[in-house]
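Accompanying notes for the structure given below.
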Amino acid sequence: SYGNMRLNALTHKFTYGNTVRLLIDSQGRLLLGTSTYKSNLNSSADSSGQVAQFIGKADNVNHCLGVFAYAGTSNPTARGAKLQLNRARSTDGTTNTAVAVNDLIGSLEFKGNDATAFTASARIDSYVDSGTVGTDRIPGNLIFYTSADNTAVPQERLRITEAGNIGINKASPNM
């Protein structure tokens, strides 16, 4: 038996039997593993919503988002799976507009539910660090944050600067 695709002016549904497997809702959001957008997954910083949600249900330990690279053996040290977080200052996403010092390039946020909402427990950010943005070079840093037992907001704990300096509980490391 084959699945069905149902199209209308508001949503695009891909079903198997009576179960929705993939849905593009009326807002253009991609929903996988759910037929209903989960607004409780947004934080105040994400109030405009997410463009995609991948929902794993029940106690299935196999629900994850996987990235797989199949590149053969011709260059095994250079061809691996990648997860890219890309940033430009363009307003439409089609032009190449350079980022600037202190622009957030990307963030990985780890959240758990506290019985009222999803709350951040840790985060890793990358910003454009001090220096000059130029062709094929973006001075970047990595900043690691964790939440203490008595705070709702993750605090900076470790920073690696564009120069390779490492600071533990220091925003401006010099070593």
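Residue-wise HN-Hα couplings along the range 152-157, as the Karplus relation 6.51 cos²θ - 1.76 cosθ + 1.60 with θ = phi - 60° gives them from phi, are 9, 10, x, 10, 4, 10 Hz; Gly and Pro carry x. Rolling a 1.4 angstrom probe over the protein heavy atoms with all chains in place gives the range 82-125 an accessible area of 72 Å² per residue. Remark: the range 133-141, residue by residue, has Karplus-estimated 3J(HN,Hα) of 7, x, 3, 6, 8, 10, x, x, 10 Hz, where x stands for each Gly or Pro and the curve is 6.51 cos²θ - 1.76 cosθ + 1.60 at θ = phi - 60°.
The values are calculated or read from the model by the stated rules, or taken from the named source; none is laboratory data. Here the structure is a predicted model, which means the values were calculated and not measured. Ligands, DNA and RNA are excluded from the accessible area calculation, which covers all protein heavy atoms including side chains. Shrake-Rupley method; radii C 1.70, N 1.55, O 1.52, S 1.80 Å.
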